[in-house]
Amino acid sequence: MRLIRTAGTLLAALALTVVGAQGRELVIAQGVDVKGFDVHSHGSSVTAEESVLVNIFDYLVWRTADGDFEPGLATSWEPIAPDAWRFTLREGVLWHDGEPFTAEDVEFTLERISRDESLTEYENYRQIRDVEVVNDHEVIIHTHGPDPILISRLSRLNSGIAPKHYVEAVGWEEFAVNPIGTGPYRFVEWRRDDRVVLEAFDDHWRGRPAFDRLVHRTIPEDSTRVGELVTGGVHVAGNVPVQDRDRIAASGVARVELQPSTFVNMIVFNVREGTETADPRVREAIDLAIDRELLVEGVMGGLGAVTAARLNPGINAAPVDQYFGVNPYDPEAAVAKLAEAGYGPGELTIKLYGSSGRHPLLPEQTEIIAAMLEQVGIDTEIEVLEFSAYTSRVWNAAAFEHLVVTGLGNSMRDNIFAMRALLCDGSYADRVGWCNERFDELMRAAETEVDPAKRAAMLHEATHIVATERPWITLFQQQNLVGVSESVDWRPRADELLWMFEAKPK
């Protein structure tokens with residue numbers, strides 16, 4: 001053990017020597033690559049695109065690591081009418097090409113994301129009606145009726161402010177491969193499926209970041225990411241498998257940090273008429289057949305907390321006390337429910353899709369879930385695809401027969417965001433085929449309800465409808481492990497953003 005620790009110390013020292021010779025470089029390993037740099041045209045979770053983009057672009061409102069709001073490109077904000085908010089903008093902010101940031105950039109950005117229905121996150125910004133430019137450093141944002149969570153919208157993915165002058169000069173297609181922002185790092189290079197290279201922006205309004213160069217490497221294989229971490233090839237490695245925790249800790253080169261998350265692992269069903277999972281009794285049987293505690297303890301090594309709805313502590317307007325910590329596992333009831341639906345042992349076959357490279361241990365989760373279904377008499381077929389193939393062939397194409405094993409975060413930290421995709425005209429409508437008029441009525445009313453108690457009651461009822469009808473079922477809130485080099489002073493955030501302005505060399 002002593003020899004291992006000494007060797008690790010030497011490796012860390014060697015890594016720092018190399019970094020010192022080339023400038024202070026921070027290398028991050030992630031499982032998937034970005035699809036491009038159009039800050040308004042991705043719906044990926046924060047650990048993929050947004051964790052790169054957040055270092056290039058700024059939001060109007062920033063969230064601290066604890067989730068509190070603080071000034072970003074806006075220094076202050078206040079409601080001036082039920083459907084209008086005044087924002088004072090930060091002066092002296094520069095784009096990476098040296099041009100000044102102004103209110104016109106805010107107008108340009110917010111009117112795009114609230115009007116372009118082709119954008120992935122349009123549904124979460126369409127509440128913005130228009131942006132009134134008062135002067136270079138003041139805007140009034142007008143909404144379609146009261147918007148109780150406008151500030152939350154402006155502090156999350158897809159709300160990064162884009163440069164009007166540059167986009168109008170080169171177009172969005174060029175911008176998506178050669179972006180500029182106002183963030184602490186400026187774009188240098190993108191080698192697809194390999195790395196994104198950024199350099200410190202000397203004139204950032206927060207000050208210059210401690211590292212001169214930021215490299216996001218794409219390393220899909222978990223074992224390879226961990227291997228690079230313990231040999232000093234990378235300084236931060238996301239989605240570390242729990243079984244590698246001791247290996248990293250013993251290396252002397254890196255440590256493992258626990259990252260709380262809003263990410264909830266779940267199963268999404270195809271409920272279109274004609275498929276077996278259109279029968280609510282089949283979906284309930286699958287729900288009852290899954291032992292969430294076993295998934296958390298046996299697969300995730302205890303890194304999670306079971307939940308029967310897409311919520312966790314810290315999510316606003318959510319009935320956490322009713323669903324969080326609940327494990328409805330009951331295999332005997334599952335068998336009975338299958339019999340009620342007309343299926344005896346081996347008479348129902350369900351296909352499960354999973355993905356690899358994006359979510360920790362998702363292939364293993366998919367296999368264990370299939371085994372649990374087999375135990376109650378459901379035959380299963382499994383197909384696990386690399387994440388980009390899964391996204392294009394299965395998920396975006398709505399081409400899954402029965403169910404997908406997946407997971408979703410909640411960057412808005414509000415219960416309405418957790419369920420918005422299930423609206424009859426929401427982004428899951430084509431994927432799952434579920435529509436409930438009462439659910440839509442509650443969700444639409446909650447969009448403009450400013451009384452917190454009334455709004456919470458609406459969203460609690462909507463949560464209960466989803467939990468009862470099961471267009472999806474949730475499994476557990478995920479906790480992630482992040483590997484961090486002992487040469488770096490940095491801790492992961494609960495929102496999963498790899499915000500590296502906070503990182504410093506030791």
- Message: Among 339-345, 288-294, how do they line up by average Cβ neighbours within 10 Å per residue, starting with the highest?
- Response: 288-294, 339-345
- Expressed as a fraction of 2.2 N^0.38 Å, the rule-of-thumb size for a compact globular protein of N residues, what is the C-alpha radius of gyration of the stretch 222-264? 1.13
- Answer rounded, prolate or oblate for the stretch 61-167, using the Cα gyration tensor with square roots of eigenvalues a ≥ b ≥ c: rounded when a/c is under 1.5, else prolate when a/b is larger than b/c, else oblate. rounded
- Scoring the chain by relative contact order with C-alpha pairs under 8 Å, at least six apart, yields a percentage of 21 percent
- Task: Enumerate the helices in the chain for which the Kyte-Doolittle hydropathy averages -0.5 or more and the C-alpha atoms extend at least 24 Å along the helix's axis, using complete DSSP H runs.
- Result: 2-22, 452-469
- Item | Peptide ranges 77-83, 422-428 listed from the most packed, as the mean C-beta count within 10 angstrom indicates | 422-428, 77-83
- With an 8 Å cut-off on Cα pairs and a minimum separation of 6 or more residues, tell me the relative contact order of the stretch 264-478 in percent. 34 percent
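No lab work stands behind these numbers, since they all come straight from the coordinates. Note that the structure is predicted; figures quoted are calculated from it, not measured. Every residue, glycine as well, gets a Cβ built from its backbone with ideal geometry; the counts of neighbours run over all protein chains shown.
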